[in-house]
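Step one of this worksheet: look at the structure below.
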Amino acid sequence: MSCEFPAATIIGYPRIGPRRELKKALESYWAGTSTAAELESTTRQLRLDGYTRLAELGLGENTSAIPASFSLYDQVLDTAVTFGAVPARFQDLYDDDGQLSLDAYFTLARGDSLRQPLEMTKWFDTNYHYLVPEIDQATEFTLANDSTLRRVIEAAEVGLTIRPTLIGPVTFLLLSKAAAGSPAGFNPLSRLDDLLPLYAQFLGQLATAGAQWVQLEEPALVADQAVPEEELAAAVDRAYRFLTAATARPAVLVTTQYGSLGRLLPVLGATAIDALHLDVFKGELPDSEDLVALGDTTLVAGVVDGHNIWKADLVVAAGTLTALGGSAPRLSVATSTSLQHVPHDVEDEPQLDPELRSWLAFADQKVAEVLTLSRLVDGSPSGSIDEAIAEASAILAARAAASGVNRPEVRERLRALTPSDFGRISYQERAAAQKTALQLPLLPTTTIGSFPQTADVRSTRARFHRGNLAAEQYTRLMREEIKRVIALQEDLGFDVLVHGEPERNDMVQYFAENLDGFDVTVNGWVQSYGSRCTRPSILWGDVSRPQPITVQWSKYAQSLTEKPVKGMLTGPVTILAWSFVREDQPLGETANQVALALRDEVSDLERAGIRVIQVDEPALRELLPLRNGLQRDYLTWSVSSFRLATSGAAPSTQIHTHLCYSEFGAIIEAIDGLDADVTSIEAARSRMEVVHDLQEQGFARGVGPGVYDIHSPRVPDENEVAELVQKAIRHVPARQLWVNPDCGLKTRGYTETVESLRNLVNAAARVRADLDTPVS
Ligand code: GLN
Ligand code: ZN
């Protein structure tokens, strides 16, 4: 393939649209208020606008520098439908021509009354979630959807050459799971040789449609996998020898974002792929022999961070490029990952402090950075980027010196910490003190924190934030809501109550808005999955708490009842995971700053008479590094920050935590390390599988495996809940068990929630009555 790779590119562009156009188009189609033709025309425009924007920013129109990274829902699903990798329960969705239509595509993503959708799970160490293909021995690969192909044609019609993208075959199979009913030990990767001919055929079609380059994404190669390394290397070698052997194909770019390729680099380098992208921002610099061995293969150096929003340090990036250029015969410049993880444009945030704004690079600014750096490799006169480098360095220096970035009082407090600030007295002593203080029955019942957010609650909050509602009015309305939620829980018979979190839109943004060192955006939406977006806060400075945050609400709620009301805080790791976090100091240090602010909040809650405090850490597992060797260090600092936040509590104060997943495997020790008195976890969907792990680990503290799946509107009946509780008791002593839903109730409606909670409380009472052992 003679076609040269462009000197500058990005690996992917945000697809939700600058004003969430995709979200709106999808949701109106799903709601039946727009037609398939309308959806197609809105999204076509969105794609073309994106290409035009990138061309204007300088990527050029006919260079294949523009990736066609758009997806209607998810890029893994796109690849699954392209190759007909669809589980048996969806087989009837094929039309007479053996194709999967638009509606079939959405059924896979969202399910219907008859079928469970594909499972959704986290995409590497990001906040994005992809759909997990299900593959078995019988999966019949066919070319079943031509959307990717049509996008090449659609762009060509307006005179643009774009670079189609697909998940590469090895990553595709590694991300898939064995379909239900597969024989034990079946590994989807064993189907590689059946899948490759379809990839080859499809590459042929792309070439015919005019694609000069195709991007095959292989990020799974940067993560440690269960497959033995030799087997993985053999698969990579086979796949890319096979795909490059075809004569009628576009040139092949393989991308390996989110970390180092490690020992698979020479394996890929030895195949005839035309370009190889390496994440050299997050990953390590490769060995020079491996680079020399690339020969004619262009090295596409991902030097500009695609996953965070800070302006690049051009000195460091230029140094990396110079080092690589010394060994790699052909070099291009790119982002480290797709820009799907960052918002579109800093210019859309005029309300941000100009100083803070000057430190930021969203997607469009990153394109400019890549273009600037490409002048180092495209034969431009040396010295042509010196000015840009000097400017970037001046901004970085100003940022380092800005007030708020480095606050002596915060740093002094961190420096003065001693090991005793990270631990409480023994669990036995605490449990005794809490028993006296709280007087809870066996199998105490509670919820995870939020109650359904009615339209009223949302609009009250929105009016207040827009300045259309006076503070006293707002407080009065929120108190009314809290009063209602407390009365409801009293009525249902809960043992530990919550205030319901009506004042919070997003559990991280709420704290970001109330802590120093953070800012929030207005249009900074990032896709989480499908049509769902989040707006991560920006953690840019040293963190401190100007005043108590949650105390007034919790204190009011507690004044309404004799039962204990749980204070409700978001933990340091989750606050970091769901924000854009400063990268100029170790994450552990930033986490400890957040932890100290929370520690003060814990002590103010105690002073206000709160006896139970929950610190949510649903994202603890999310930040777990992809390479096993890096995990220990992460778990050490993340667990420490939780302990720092909570260990100031008196022995009689019961500390709860909540985790949003049930795969405990890798981190059960860390969860034990949190040393919370009570841990609630997701479990209903997996029918309590997690209790086996708890038993095996000898988990000795309080635990509430969720018995009601709040991710669906379905109401579990009393028997079903009672059975789940009984099942848990067979593995974990009853005196340790709590009865609670899986997660917060924020997204549920009231009707189903009240019914479900009533069944939950009644089931707990019934099982309690059945246990003849009196509480000892
Ligand atoms: N306390 C939070 C709530 O109930 C927890 C949410 C979460 O785990 N994501 O909404
Ligand atoms: Zn949860």
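The values are calculated or read from the model by the stated rules, or taken from the named source; none is laboratory data. Keep in mind it's a predicted model, so treat the numbers as computed, not measured. We place every Cβ from the backbone using ideal geometry, glycine too, and count neighbours over all the protein chains shown. Surface accessibility is based on the protein's heavy atoms, side chains included, excluding ligands, DNA and RNA. Shrake-Rupley method; radii C 1.70, N 1.55, O 1.52, S 1.80 Å.
A few comments on the model shown:
- Summed over qualifying helices (DSSP H, 4 residues or more, each -39500 (n - 2.57)) and divided by its residue number, the chain shows a 222 nm mean residue ellipticity of -12500 deg cm²/dmol.
- Seen from residue 88, the other residues with C-beta closer than 12 Å to its C-beta sum to a net charge of -2, counting Lys and Arg as +1 and Asp and Glu as -1.
- Using θ = phi - 60° and Karplus 6.51 cos²θ - 1.76 cosθ + 1.60, couplings along the range 306-323 (whole Hz; Gly, Pro as x): x, 10, 9, 10, 8, 4, 6, 7, 5, 5, 5, 4, 5, x, 4, 5, 5, 4
- Heavy-atom surface of the range 97-239, accessible at 1.4 Å and reported per residue (Å²): 38
- Charge-dipole axis of the chain as Lys and Arg at +1 and Asp and Glu at -1 on Cβ define it, positive-most pick from 83, 316, 540: 540
- Contact order for the range 328-400, expressed relative to its length and based on alpha carbon pairs under 8 Å spaced 6+ residues apart, stands at 34 percent.
- When a 1.4 Å probe is rolled over the protein heavy atoms, the share of accessible surface on the chain that falls to carbon and sulfur comes to 50 percent.
- q = 0.16, 0.17, 0.18 Å⁻¹: log10 I(q)/I(0) that the Debye formula gives for the range 357-426, counting C-alpha atoms only: -0.74, -0.78, -0.82
- The amide H of residue 8, built 1.01 Å from its N in the peptide plane, has 333 as neighbours under 5 Å, considering only residues 5 or more places off or on other chains.
- Computed over the range 78-132, relative contact order equals 20 percent, with contacts defined as Cα pairs under 8 Å that lie 6+ residues apart.
- Nearest-ten-degree value, helix 192-208 long axis tilted from longest Cα axis of the chain: 60
- Nonlocal amide H pairs with residue 627, under 5 Å, H built at 1.01 Å: 224
- Antiparallel content of DSSP bridges confined to the range 275-350, in %, to 5: 0
- Amide H contacts of residue 274: 252, each under 5 Å away and 5 or more positions distant or on a separate chain (H built 1.01 Å from N in the peptide plane; Pro and chain starts excluded).
- Antiparallel DSSP beta bridges within the chain, percent to nearest 5: 15
- Full-stretch length increase - residue 121, residue 700 - with 0.36 nm per residue and alpha-carbon distance subtracted: 205.5 nm
- Net charge over other residues, Cβ less than 15 angstrom from the Cβ of residue 722 (K, R count +1; D, E count -1): +1
- For the chain, the spread of Cα positions along the three principal axes, ordered from largest to smallest, is 79, 62, 51 Å.
- For the range 159-274: rounded, prolate or oblate by the Cα gyration tensor [a/c cutoff 1.5]: prolate
- Environment charge of residue 470, counting only residues whose C-beta is closer than 13 Å and scoring Lys/Arg +1, Asp/Glu -1: +2
- Cleavage-rule hits (trypsin sites (Lys or Arg not before Pro)) in the range 113-186: DSSP loop, at most 15 neighbouring Cβ within 10 angstrom: 115
- Relative contact order computed over the chain (Cα-Cα under 8 Å; 6+ residues apart), in percent: 11
- Restricting the range 223-331 to GluC sites (Glu not before Pro) that sit in a DSSP loop and have at most 16 other Cβ atoms within 10 Å of their own Cβ leaves 284.
- Using the Cβ-Cβ distance between residue 223 and residue 418 with R0 set to 41 Å, the FRET efficiency from 1/(1 + (r/R0)^6) comes to roughly 0.65.
- Backbone phi angles across the range 30-45, fed through the Karplus curve with coefficients 6.51, -1.76 and 1.60 (θ = phi - 60°), yield HN-Hα couplings of 4, 7, x, 9, 9, 9, 4, 5, 5, 4, 4, 6, 5, 6, 4, 4 Hz in residue order; Gly and Pro are listed as x.
- Rounded to 10°, Cα long-axis angle of helix 363-374 versus longest principal axis of the chain: 40
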